[in-house]
Amino acid sequence: MHAVTQRLAPVDEANLLLDHVGQVNVFLVAGLLAPGGFLAPDGTTDMAELRAALRERIAALPALCRRAVLMGRRHHWINTAPDLEHHIRLVEPVDGLAGLEHKCAELMSQPLGLDRPLWEILVVPSATAGELGVVLRIHHAVADGMAAVAIVQQLFDAGEPREAPAMARRVRVLTEAPSRTLWQTVRRLRVGLHRIRQTLRGRDIGATVLLGERSAHRGVVFLRTDIEALETAVRTQGATVNDALLAAAASGFRAALTAAGEPIPARLMVSVPVALRRRGTAGNQVGVMLVGLPLREPDPGERLRLIAAQTREEKARARDQGTLEFMRGPIGARILDRVARRQHLVAGFVTNVPGPEGAFRLAGAPVVSLWPVGVLAGNVRFGVAAVSYTGNLFCGIHFDATNVPGAAFARAMGEEMARLGA
């Protein structure tokens with residue numbers, strides 16, 4: 001008889017409800033492994049050694065040893081020992097890095113079954129010459145980006161230590177919420193009501209190829225940028241790496257609209273997650289800020305400064321407001337799910353998660369690259385996710401390959417990242 005551990009936190013229940021046909025609320029991290037440990041120099045893998053190396057680590061992570069079971073009107077976490085033969089498995093070889101991108105795109109439309117713990121590790125041969133691909137998938141009900149990084153840190157072996165990225169250092173200090181004055185509480189309620197109205201009625205974006213019903217045919221493109229060079233270059237303009245990511249995404253959106261033959265708006269609103277103070281047991285503790293990307297600004301430096309001015313103000317407001325009002329429980333999530341299918345408030349998702357400290361090994365195999373791929377929800381057809389790792393910013397672009405020119409977006413974004421970091 002399985003033991004009930006606890007009822008899902010309301011925000012985690014909300015994320016579980018957002019997973020349904022046509023919308024898989026599972027994000028992934030794809031990596032490349034060099035030979036070592038369970039991976040022999042000739043490319044052969046010892047899956048038994050990999051599972052043995054991870055068995056005790058997984059057992060020590062409650063989030064990976066439970067499944068969600070509906071009891072009455074709410075889900076509860078039930079202790080369940082994962083079947084490692086299923087959760088850690090070898091899949092068919094792919095054709096190089098492009099093949100790994102294609103595999104990840106396919107996985108973004110494949111749900112994780114509720115009859116098991118909501119995660120899996122897939123080992124993917126032939127991802128590049130001499131390197132092995134690995135894909136970790138975790139349901140959003142289990143963890144947000146920050147919680148997923150913590151899981152990775154406990155699953156993988158620590159390699160050569162490095163100084164933590166500045167973004168990670170800033171996030172870790174957000175552990176205790178300050179007390180609120182009466183005026184701050186009233187202001188928070190007023191802003192919350194404004195955000196609810198904005199979500200329900202926002203029509204800033206006209207008819208566009210960027211929004212609409214999504215097909216099952218997804219695309220994924222990986223990018224990589226030297227994060228130290230990028231941070232040094234943009235800091236002189238009062239901007240952060242996250243601001244640079246948004247500026248590069250603006251170039252991507254402009255290129256996609258141009259390729260689709262659509263007019264370029266003065267600005268395009270995107271949704272950006274903001275890490276909150278970690279409190280309680282919820283796997284999801286993230287706020288949201290809206291950022292208007294200036295698409296017509298011809299000067300890259302001015303575009304970056306305009307974005308930085310917004311994020312400085314909006315990030316503080318998002319942290320003060322906390323979790324998006326509609327995502328604080330299952331009732332709000334159901335409303336948001338319906339509204340999001342026809343919304344014209346945001347045209348894309350852009351997320352940047354501070355990565356793990358140092359380099360990692362998976363059962364002795366060095367992890368040389370690490371790309372995140374975020375979820376697409378509602379009627380949004382473009383999403384960008386990024387993580388810092390070993391001195392690089394690794395970006396995964398996820399898009400509806402049937403309806404939008406994803407290649408044009410990725411090419412323009414990559415070129416802009418290179419310019420910003422020069």
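The values are calculated or read from the model by the stated rules, or taken from the named source; none is laboratory data. Since this is a predicted model, take the numbers as computed values, not measurements. Glycine also receives a Cβ, built like all others from the backbone with ideal geometry; neighbour counts cover every protein chain displayed.
Structure above, values below:
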| quantity | calculated |
| --- | --- |
| Residue count, segment 384-403 (criterion: surrounded by fewer than 24 Cβ atoms within 10 Å (Cβ to Cβ), of a type outside the set (Ser, Thr, Tyr) and on the phi < 0 side of the Ramachandran plot) | 5 |
| Filter pass, Arg74 being closer than 21 Å to Gln23 by Cβ, in contact with an Asp or Glu (Cβ under 9 Å, 6 or more places away or on another chain) and at pLDDT below 95 | yes |
| Number of positions in segment 122-162 that are closer than 19 Å to Val274 by Cα, modelled with pLDDT under 90 and not aliphatic (A, V, I, L, M) | 2 |
| Per-region count, segment 250-290, residues more than 14 Å from Thr351 (Cβ to Cβ), at pLDDT 90 or above and among the aliphatic types (A, V, I, L, M) | 10 |
| Residue in segment 43-61 that is in a strand (DSSP E or B) and closer than 23 Å to Glu85 by Cβ present | yes |
| Residues within segment 343-361 that are among the β-branched types (Val, Ile, Thr) and surrounded by fewer than 22 Cβ atoms within 10 Å (Cβ to Cβ), tallied | 0 |
| Sole exception among (1) within 30 Å of Leu61 (Cβ to Cβ); (2) modelled with pLDDT of 90 or more for Glu176, by number | (2) |
| Members of segment 328-342 that are under 21 Å from the mean Cα position of the chain (by Cα) and surrounded by fewer than 20 Cβ atoms within 10 Å (Cβ to Cβ) | Arg328, Gly329, Asp337, Ala340, Arg341 |
| Checking Ala30 against (1) surrounded by fewer than 18 Cβ atoms within 10 Å (Cβ to Cβ); (2) under 24 Å from the mean Cα position of the chain (by Cα); (3) in contact (Cβ under 8 Å) with a residue 60 or more places away in the chain, the condition it does not meet | (1) |
| Qualifying residue in segment 21-32 (condition: part of a strand (DSSP E or B) and touching an Asp or Glu at 6+ places or on another chain (Cβ under 6 Å)) | yes |
| Every pair of residues 6+ apart whose Cβ atoms lie under 9 Å, when the first sits in segment 305-332 and is touching a residue at least 24 places away in the same chain (Cβ under 8 Å) and within 17 Å of Leu8 (Cβ to Cβ) while the second is crowded, with 20+ Cβ neighbours inside 10 Å and among the acidic types (Asp, Glu) | Gly329/Glu13; Pro330/Glu13 |
| Flag for Arg67 being under 25 Å from Ser215 (Cβ atoms) and assigned to a strand (DSSP E or B) | no |
| Residue match in segment 343-359 (condition: assigned to a loop (DSSP other than H, G, I, E, B), among the acidic types (Asp, Glu), in contact with a helix residue (DSSP H, G or I) (Cβ under 8 Å, 6 or more places away or on another chain) and farther than 30 Å from Gln198 by Cβ) | yes |
| Unique residue being among the hydrophobic types (A, V, I, L, M, F, W, C), in a helix (DSSP H, G or I) and modelled with pLDDT of 95 or more when the list is Ala247, Ala233 | Ala247 |
| Qualifying residue in segment 310-327 (condition: out of contact with any strand residue (DSSP E or B) (no Cβ under 6 Å at 6 or more places or on another chain), assigned to a helix (DSSP H, G or I), over 15 Å from Gly287 (Cβ atoms) and of a type in the set (A, V, I, L, M)) | no |
| Residue in segment 381-422 that is farthest from Val209 (Cα to Cα), counting only those that are assigned to a strand (DSSP E or B) and out of contact with any strand residue (DSSP E or B) (no Cβ under 6 Å at 6 or more places or on another chain) | Ser388 |
| Odd one out for Val69 among (1) crowded, with 18+ Cβ neighbours inside 10 Å; (2) touching a strand residue (DSSP E or B) at 6+ places or on another chain (Cβ under 7 Å) | (1) |
